[in-house]
Amino acid sequence: MKVVIIGGGVAGLGVGLRLVQAGAEVTVLERAQPGVGATGAAAGMIAVTAELLDAHAAEIEFARQSNALWPDFAAEVEALSGRKLGFRAKGAMILAADAAQLARLTRKATEPGLSMLDAGMVRALAPLVTGPQAGALWSPKEAVVDAKALGVALAIAYERAGGELKANEAVVRIERQG
């Protein structure tokens, strides 16, 4: 099977890598350099809880499953590319500044793996946090990755796996024949 992917960011290169590994002949077309568009501008947060506080259950479950794949995916890309991604799963606190936010986060803390920290625990873990924080939701699975390093490493891994990457190839039109 032949596949053309438009866009050489994390999504395009990640999907391209998996397709090449599955035996497809894949070409990725990138209008500039791989990993410098949205990927290069991304903060690199893998923030399942913080990003999904008000999401539907199916979306939350999908995000949790995706989050669980990250450690192995990061290790694989590092091994294939020989480059470090700066992946770190250190958790995150979602601060509550007032009673209303605290109540909302406390309801969320009933989900598996999440817990509440009182104001004293917040200050003990993060002494630079100041102000009248009422507490925080602790999410141990939150992680970060160096987005720029990820873009470069994925491009290398993709090409080493046998994918073709064409940088500076803007797609201006798609024509269907037959």
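In order along the range 116-127, the Karplus-derived 3J(HN,Hα) couplings, from 6.51 cos²θ - 1.76 cosθ + 1.60 at θ = phi - 60°, round to 9, 10, 7, 4, x, 5, 4, 5, 5, 7, 9, x Hz, and Gly and Pro are given as x. Against the chain, whose longest principal axis is taken from its Cα atoms, helix 57-81 shows a tilt of about 60°. Computed over the chain with a Gaussian network model linking Cα atoms closer than 10 Å, the most mobile of 87, 62, 73 is 62. Note on the range 7-113: Rg/Rh from C-alpha atoms, Kirkwood Rh, equals 1.05.
Just so you know, the Cα atoms of the range 55-99 work out to an Rg and Dmax of 15.0, 48 Å. The phi torsions of the range 156-168, fed into the Karplus equation with coefficients 6.51, -1.76 and 1.60 and a -60° offset, translate into couplings of 5, 4, 4, 5, 5, 6, x, x, 9, 10, 10, 7, 6 Hz, rounded to whole numbers, with Gly and Pro shown as x.
Once the Cα atoms are used to define both axes, helix 10-21 deviates from the longest principal axis of the chain by about 60 degrees. Determine the shape class of the range 38-78: with a ≥ b ≥ c the square roots of the Cα gyration tensor eigenvalues, call it rounded for a/c under 1.5, and otherwise prolate if a/b is greater than b/c, oblate otherwise. Note, shape of the range 38-78 comes out oblate. Using the Kirkwood radius built from alpha carbon pairs, what does the Stokes-Einstein equation give as D for the range 1-70 at 4 °C and 1.567 mPa s, in µm² per second? Stokes-Einstein gives a translational diffusion coefficient of 93 µm²/s. Along the chain, the longest continuous region that contains none of the trypsin sites (Lys or Arg not before Pro) in a DSSP loop with at most 10 other C-beta atoms within 10 Å is 1-89. Accessible surface computed residue by residue for the range 21-104, with neighbouring protein chains in place and a 1.4 Å probe, gives 60 Å² per residue. Quick check on the chain: of the DSSP beta bridges with both residues there, what percent are antiparallel, nearest 5%? Of those bridges, close to 60 percent are antiparallel. Under 5 Å between amide hydrogens, built in the peptide plane, is the criterion, and for residue 116 it picks out 138 among residues at least 5 positions away or on other chains.
Evaluated with a Cβ-only charge set (Lys, Arg +1; Asp, Glu -1), the chain carries a dipole of roughly 160 debye about its Cα centre, given to the nearest 20. Here the contact order of the range 80-178, divided by its residue count and restricted to Cα pairs under 8 Å and six or more residues apart, works out to 40 percent. On the protein heavy atoms, probe 1.4 angstrom, tell me the percent of accessible surface of the chain carried by carbon and sulfur. Percent of accessible area from carbon and sulfur atoms in the chain: 57. Could you work out the helix-only [θ] at 222 nm for the chain, with each DSSP H run of four or more residues adding -39,500 (n - 2.57) and the total divided by the number of residues, to the nearest 500 deg cm²/dmol? Value at 222 nm, helices only, nearest 500: -13000 deg cm²/dmol.
Computed over the alpha-carbon atoms, the range 82-168 gives an Rg to Rh ratio of 1.23, Rh here being the Kirkwood radius from the mean inverse distance. Quotient of the Cα radius of gyration of the range 25-178 and 2.2 N^0.38 Å, N being its number of residues: 1.34.
Contact order, relative form, for the chain: 36 percent (alpha carbon pairs under 8 Å, 6 or more residues apart, mean separation divided by residue count).
Each residue, residue 107 and residue 173, gets one label point 7 Å from its Cα in the Cβ direction; the gap between the two is 5.3 nm.
The values are calculated or read from the model by the stated rules, or taken from the named source; none is laboratory data. Note that the structure is a prediction, hence the values are computed from the model and not measured. Cβ atoms come from the backbone with ideal geometry, glycine included; neighbour counts cover every protein chain shown. Each accessible area value is taken on the protein alone, full model and side chains, heavy atoms only, with ligands, DNA and RNA left out. Shrake-Rupley method; radii C 1.70, N 1.55, O 1.52, S 1.80 Å.
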